[in-house]
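Report on one structure; see the data block that follows.
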Amino acid sequence: SQQVGKDGFLKMLVTQLQNQNPTDPMKGRDFASQLAQFSSVEQLTSISDQIKSQRAGNQALTQSVNSGVATDLIGKTVEAGGNQFKQSGGQEKTLGVELSSPASEVTVTIRDTGGNAIYTRTLEDVKAGSKEITWDGTTDSGAKAPDGDYSFEIEASGPEGNSVDTTPYLKGTVDRITFGKEGTKLLVDGAKISMGRIRSVATP
């Protein structure tokens, strides 16, 4: 083994005592020093076990708290960080962006799973902060977008043509909650979202 635990340390110490030269035994202070080392190893092992146990307990507590909070979110309107969503039945979607500074132009592009741009919209003179964009579920040609998974990207430029930092987010209603190995997930208009992505909650 590349690591020596308290049992291995004690076995080496006992073996050393059994095989020492009887005409030149270990000095008392050397033996006391090794005993002190053994005590330190035992304490460190105990601390490590306690930390592992505490970490497991904290994870269980966090999961329990998240589960309790999540159930109260059913039917609520939430904003969640991210740019991927699910489209179903041609329903309208509220997409959002957080701008770090004012932008002279903000271009929103919605893409299908193949990465193809199906809808593009440009906004002008947008203030810094949150801005919501409503997508009616149609493509640039006016056709109804088929049900499925989509994503959107946002590009913004300032008055002098400089790039403006953007943070995309989604807005929708929590339909239900799922609990599993991947943790607690909220289904927001059909899309799975983790609790850590929620940025605001409101009553419809």
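Each value in this text was obtained by applying a stated rule to the coordinates, not by laboratory testing. Bear in mind that the values here come from a model prediction, so they are computed numbers and not experimental data. Using ideal geometry, Cβ is built from the backbone for each residue, glycine included, and neighbour counts are taken over all protein chains shown.
Remarks
- Principal axes of the stretch 71-122: Cα extent on each, largest first, Å: 40, 30, 17
- Over 25 Å apart at the Cα level, from the set Lys93/Lys127; Lys131/Lys192; Lys52/Lys192; Lys144/Lys192; Lys144/Lys181, are Lys52/Lys192; Lys144/Lys181.
- In order along the stretch 167-180, the phi-based Karplus estimate (6.51 cos²θ - 1.76 cosθ + 1.60, θ = phi - 60°) of 3J(HN,Hα) comes to 10, x, 8, 10, 9, x, 9, 6, 7, 6, 10, 10, 10, x Hz; Gly and Pro are listed as x.
- Nitroxide proxy distance, nm - points 7 Å out along Cα→Cβ at Asp140 and Gln20: 8.6
- Net charge over other residues, Cβ less than 15 angstrom from the Cβ of Thr203 (K, R count +1; D, E count -1): 0
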